[in-house]
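Nothing in this text is a laboratory measurement; each read-out follows from the coordinates by a stated rule. Note that the structure is predicted; figures quoted are calculated from it, not measured. Here the Cβ positions follow ideal geometry from the backbone for every residue, glycine too, while neighbour counts run over all protein chains shown.
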Amino acid sequence: MILVDTGLPAGTPEEKPDENSPAYTGKDICTYMEAFAGLGYRPEQVTKILLTHKHADHSGELRSFPNAKVYVNADETSAAELQGLGNIVPVAFSDGPYYNFPESQKIADGIHFIKAKGHTRGNSIVIVEDGGLFYMLHGDITYVDEALYENKLSVVYEDPVAARETLDRVREFVRNHPTVYCGTHTPQGYENLESKRVIDLDHPVPTVLAEADFSEKEASGKYVCLICGHVYDPAENGGVAFEDLPDDWKCPRCRQPKEKFNKA
């Protein structure tokens, strides 16, 4: 059994959005491991995990799979999120080009790990070939499919130049191969997978907007980074409230500014 990424670590506080929130990842239904168990699987069944990048919303439950080999871009292995794990397999992308992507590693028949730096300097894509289709499983190449259709970089990147090159290659690939585009931060990713919907860049799928829930919730004083999932807890930072941090304060994990945090 092969997984692509794992979810936020258990215990991550739920966001408390308001009209000024830059983004909202949605209401918690259950933890990643609860969902995993609910599908009838056990952690010891997983043999490999292909990690698209280091951020906690993709790597948060790696420790729940101690028997699995965790494949990650060799440029990412020094990340704080991956320290203390003894099952990391650094990937050097030694199998040459995969179509228009210059560097790749074959993981198994029909499963390819693709270097796709930009969002982080060790970002990767997984492409699975099955039934004549190419399933592109990615972390944060785009947060929403609208950005893919409109050819726009939609999230923060550690390397904007590389991110531009990666998005160009992704768009070229999906134009030339029947691709099911599976993003992890948009409902369209799951809809695409379920319906085996092939991306057509010239005919965007209409967006269905949900009503935002800004009902009153009790604030905890904690804040969550929308980019990497880091939680700022005043109790762990000398009692300093998030609002009292200097304007030039940045996330200690991904170096994004204060405005990239949501209340929790």
For this session: Find the centroid of the Cα atoms in segment 222-257 and in segment 149-214, then give the distance between the two in whole Å.
Result: 29
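When all alpha-carbon pairs of segment 192-264 are counted, what percent fall beyond 15 Å?
Values: 1767 of 2628 pairs.
Summing the P(r) of segment 192-264 above 15 Å gives 67 percent of all pairs.
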Exercise. Across bins of 10 angstrom width beginning at 0, how are the C-alpha pair distances of segment 223-263 distributed, in whole percent?
Worked result: 32, 63, 5
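Dipole magnitude of the chain about its Cα centre, charges +1 at Lys/Arg Cβ and -1 at Asp/Glu Cβ only, in debye to the nearest 20?
The calculation lands at about 800 debye.
Please go through the residue pairs Lys106/Lys196; Lys54/Lys196; Lys16/Lys258; Lys217/Lys250 and name each one whose alpha carbons sit more than 19 Å apart in this structure.
Values: Lys106/Lys196 23 Å; Lys54/Lys196 28 Å; Lys16/Lys258 16 Å; Lys217/Lys250 26 Å.
Table pairs above 19 Å Cα-Cα are Lys106/Lys196; Lys54/Lys196; Lys217/Lys250.
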Problem set entry | Spread of Cα-to-Cα distances over 5 Å intervals beginning at zero, given as percent, for segment 1-117 | 2, 10, 19, 20, 17, 14, 10, 6, 2, 0
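Compute the signed sum of charges (Lys and Arg +1, Asp and Glu -1) over the other residues within less than 13 Å, Cβ to Cβ, of Arg197. Could you put the intermediate results ahead of the total?
Numbers: positive: Lys196; negative: Asp145, Glu191, Glu194, Asp200.
Here the count lands on -3.
Mind ordering 104-111, 9-16 by average Cβ neighbours within 10 Å, highest first? Write out the running numbers ahead of the final one.
Values: 104-111: 15.1, 9-16: 16.9.
Answer by packing, highest mean first, reads 9-16, 104-111.
Local charge sum around Lys54 (other residues, Cβ-Cβ under 15 Å, Lys/Arg +1, Asp/Glu -1)? Before the final figure, lay out each step's value.
Details: positive: Arg63, Lys115, Lys117, Arg121, Arg253, Arg255; negative: Asp5, Asp57, Glu61, Asp75, Glu76, Glu81, Asp140, Glu158, Asp159.
Value of the local net charge: -3.
Can you check how the C-alpha radius of gyration of the chain compares to 2.2 N^0.38 Å, as a plain ratio?
Numbers: Rg = 18.6 Å, N = 264, 2.2 N^0.38 = 18.3 Å.
Working it through for the chain, the quotient is 1.01.
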Problem set entry | Percent of beta bridges antiparallel (DSSP, the chain, rounded to nearest 5) | 60
Problem set entry | Volume in Å³ per residue [convex hull over Cα atoms, computed for segment 123-169] | 81
Seminar exercise, completed: Total charge of the residues flanking Ser154 in space, meaning their Cβ is under 11 Å from its Cβ, with Lys and Arg +1 and Asp and Glu -1, is -3
Exercise. Over segment 1-64, what per residue volume does the convex hull of the Cα atoms give, in whole Å³?
Worked result: 92
